[in-house]
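As structure tokens, the structure follows; a few thoughts come after it.
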Amino acid sequence: MNTRPHLNWIGGEWLAGATTTTNINPSNLDDIIGEYALADAAQMETAIDAARTAQRSWAATGLEKRYQVLRAIGDELMARSNELGRELSREEGKPLAEGVGEVYRSGQFFTYYAAEVLRQMGETADSVRPGIEIEIRREPVGVVGVISPWNFPMATAAWKIAPALAFGNAVVWKPAELVPHSAWALCEIISRQADLPPGTFNLVNGKGTVAGQALIESKHVHAITFTGSLEVGQKVLAATAMNMVRCQLELGSKNALVVMDDADLETAVQAAIAGSYSGSGQKCTASSRLIVHEDIHDRFVEALTRRLSTMNVGPSLDETTQIGPVASADARSRIEAHIAGAEQAGATRLCGGERVQAASEGYFLSPALLTDTDNHMTINREEVFGPVACVIKARDFEHALALTNDTDYGLTAGIITESLSYAHRFKREAEAGCVMINLATAGTDYHVPFGGRKASSFGTREQGQYAREFYTEVKTTYVNAR
Ligand code: NAD
């Protein structure tokens, strides 16, 4: 283990925090990854000040240089995705292929937004008053606070940092406590960009309740983009509203995958495996509710249980692992409590939900499938965030659609069907930001908008060209041409 703490990057310097935290591999509790700086509120203020000072010079940096900086970050992430993906999986616990895929995807966000740097076009209009011309252009918002979760430690941050920088903003990034190394590794690449004025990008690792709270309460940031739980998101919304700071939230979910009676069984099982259990079900896009037509219910449940019983649960870096550990001891206890509560309420646990003894000690849980559940049970209302899916029987399409929409959340929704008519209606009537037809609910592209409805999201969409709305301000200029 490297005993020197990994530092925060503030104002173009590596700085020690007020304290440090120890980062432990959830697949192997004897494997200490390292020590990482934890900022206090004062250090967060220092970072915000540095960002305010640097932002103007970054916005004044020519487009070509800005393009080159984003391109270089993206290219390096993609080129080093095997090495950095390994570190990400070691820290977060997702299987190696998913860790490598996440780093590569993070690079794609940077190269995509590098291209967007060059695509910043304005508009002109004639005034209703003769001789006056109008120019409509977009300007940077200013200082953007980025707060990210642990489950996609690099990708969620990349899809915020890349557009923020592309549109000329400065960034203060507060990553999640559980995953400081992925944040540090991305920051290390960004810190080497000589054309990025010092202070344009700042990494402030720290506790949410300390450094995060200082960031959301600051009157000196211009926008906060947050991905995390509903509970913390509500705090972010309240704090930013008080200061009239722009805010964007991507939050929890309770996504449904509908399996209709005409579904191709293999497609349905594969979509459930990928959607409900990849990343140990710790995805905001996970299909934790499987809404299954009663005529296919028994066949589907039997096929899925058979498949789940063959899945390898184990350390993230073992290449045969299909399901890694859950994130922490707390997460495992919370998931187990949810399963026990559902069983007490009448659910049947067909498989999984048991601690798995692997070669190393980690937070392993076998993938659980619960049947005989209804949509009112707590397990089908609250986010479980673990390798657990609950089957709810539906009488027909109308019932399945009503169940899909009967939730406080609305991030993704999927349907497996051969019917064009069901697919068409589901596409239009599902109350979700992303709809999947004959696909898993998890797994989205990087060049199109991403986000949800109801309690899953607040504010404008992330990703693709839609991100411009959040990271820019519109200015309308009137010119008297005479
Ligand atoms: P979390 O809400 O506990 O933490 C998210 C971030 O907020 C962390 O960086 C944390 O340190 C910080 N934070 C905590 N308290 C804070 C405070 N008082 N002020 C400011 N910041 C504070 O979420 P998590 O456990 O890291 O992530 C899991 C959650 O994220 C799940 O609910 C999941 O659905 C959600 N998520 C959503 C999306 C999406 O795009 N909708 C994507 C990934 C994860």
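The values are calculated or read from the model by the stated rules, or taken from the named source; none is laboratory data. Predicted, not measured: the structure shown is a model, and the values here were computed from it. FYI the Cβ positions are ideal-geometry reconstructions off the backbone, even for glycines, and counts take in every protein chain you see. To get the accessible areas, we keep the full protein, side chains included, count just its heavy atoms, and leave off ligands, DNA and RNA. Shrake-Rupley method; radii C 1.70, N 1.55, O 1.52, S 1.80 Å.
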Of the residues in the stretch 30-48, how many are in contact (Cβ under 8 Å) with a residue 40 or more places away in the chain, in contact with a Gly (Cβ under 8 Å, 6 or more places away or on another chain) and open to solvent by 50 Å² or more (accessible area, probe 1.4 Å)? 1
Out of (1) more than 15 Å from the chain's Cα centre (by Cα); (2) open to solvent by less than 10 Å² (accessible area, probe 1.4 Å); (3) closer than 24 Å to PHE152 by Cα, the odd one out for SER456 is which? (1)
Evaluation of GLU92 against (1) under 18 Å from the mean Cα position of the chain (by Cα); (2) modelled with pLDDT under 95 (one fails), failing number: (2)
Say whether the condition of being open to solvent by less than 10 Å² (accessible area, probe 1.4 Å), more than 8 Å from the ligand (Cβ to nearest atom) and on the phi > 0 side of the Ramachandran plot is met by at least one residue in the stretch 135-143. yes
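So which of SER280, SER276 ends up being within 13 Å of the ligand (Cβ to nearest atom), in contact (Cβ under 8 Å) with a residue 12 or more places away in the chain and of a type in the set (S, T, N, Q)?
SER280
Just give me the residues in the stretch 345-360 being of a type in the set (A, V, I, L, M) and in a loop (DSSP other than H, G, I, E, B), in sequence order. Walk me through how you get there before you give the answer.
Our first condition is that a residue be of a type in the set (A, V, I, L, M); within the stretch 345-360, this holds for 345, 347, 350, 356, 358-359.
Those that are of a type in the set (A, V, I, L, M) and in a loop (DSSP other than H, G, I, E, B): ALA345, ALA347, VAL356, ALA358, ALA359.
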Every residue from the stretch 403-450 that is surrounded by fewer than 14 Cβ atoms within 10 Å (Cβ to Cβ) and hydrophobic (A, V, I, L, M, F, W, C): LEU420, VAL448
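Just to check your reading of the model, which residue among THR156, THR240 is within 7 Å of the ligand (Cβ to nearest atom) and open to solvent by less than 10 Å² (accessible area, probe 1.4 Å)? So that I can check it myself, show each step before the final result.
Details: THR240 fails: within 7 Å of the ligand (Cβ to nearest atom).
The match here is THR156.
Let's see how each residue does on (1) in contact with a Lys or Arg (Cβ under 8 Å, 6 or more places away or on another chain); (2) over 17 Å from TRP184 (Cβ atoms); (3) at pLDDT below 95:
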position	(1), (2), (3)
ARG4	no, no, yes
GLY12	no, no, no
THR19	no, no, no
ASN28	no, yes, no
ILE32	no, no, no
ASP40	no, yes, no
THR61	no, yes, no
ARG66	no, yes, no
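Okay, residues lined up against (1) out of contact with any strand residue (DSSP E or B) (no Cβ under 9 Å at 6 or more places or on another chain); (2) within 30 Å of GLU429 (Cα to Cα); (3) charged (D, E, K, R); (4) part of a loop (DSSP other than H, G, I, E, B):
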{"position": "ASP330", "(1), (2), (3), (4)": "yes, no, yes, no"}
{"position": "GLU343", "(1), (2), (3), (4)": "no, no, yes, no"}
{"position": "GLY362", "(1), (2), (3), (4)": "yes, no, no, yes"}
{"position": "LEU370", "(1), (2), (3), (4)": "no, yes, no, no"}
Which of (1) in contact with a Cys (Cβ under 7 Å, 6 or more places away or on another chain); (2) not assigned by TED's automatic domain parsing to the domain that holds LEU88 does THR321 not meet, given it meets every other one? (1)
The correct count of residues that are within 10 Å of the ligand (Cβ to nearest atom) and farther than 13 Å from ASN8 by Cα in the stretch 178-193 is 2
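So that you can scan it fast, the table gives a plain yes or no per residue for (1) touching a residue at least 24 places away in the same chain (Cβ under 8 Å); (2) within 22 Å of LEU290 (Cα to Cα):
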residue	(1), (2)
ASP330	no, no
SER333	no, no
ALA337	no, yes
ALA347	yes, yes
SER360	yes, no
LEU365	yes, yes
Determine, yes or no, whether ALA54 is in a helix (DSSP H, G or I) and in contact with a strand residue (DSSP E or B) (Cβ under 9 Å, 6 or more places away or on another chain). yes
Do you know which residues across the stretch 194-220 are farther than 16 Å from GLN43 by Cβ and either crowded, with 23+ Cβ neighbours inside 10 Å or within 8 Å of the ligand (Cβ to nearest atom) (or both)? LEU196, THR200
In the stretch 174-184, which residues are assigned to a helix (DSSP H, G or I), open to solvent by less than 10 Å² (accessible area, probe 1.4 Å) and out of contact with any Phe, Trp or Tyr (no Cβ under 6 Å at 6 or more places or on another chain)? SER182, ALA183
Within the stretch 381-400, the residues that are more than 16 Å from the ligand (Cβ to nearest atom) and among the aliphatic types (A, V, I, L, M) are VAL391, ILE392, ALA394, ALA400
Output the qualifying pairs, or none if there are none: Cβ atoms under 6 angstrom, residues six or more apart or on different chains, first residue in the stretch 384-407 and modelled with pLDDT of 95 or more, second residue among the aromatic types (Phe, Trp, Tyr) and open to solvent by 10 Å² or more (accessible area, probe 1.4 Å). PHE397/TYR422
I'd like to know if the stretch 61-84 contains one or more residues that are more than 25 Å from ALA114 (Cα to Cα), touching a residue at least 60 places away in the same chain (Cβ under 8 Å) and not in a strand (DSSP E or B). no
Filter the stretch 223-235 for residues that are buried (at least 20 other Cβ atoms within 10 Å of the Cβ), more than 6 Å from the ligand (Cβ to nearest atom) and of a type outside the set (Phe, Trp, Tyr); which is farthest from the chain's Cα centre (by Cα)? ALA223
When you scan the stretch 393-482 for helices (runs of 4 or more DSSP H) that lie fully inside it, which ones turn up with 3 or more residues that are farther than 25 Å from ASP261 by Cβ? 468-471
Some residue of the stretch 360-380 being aliphatic (A, V, I, L, M) and over 21 Å from ILE273 (Cα atoms): yes
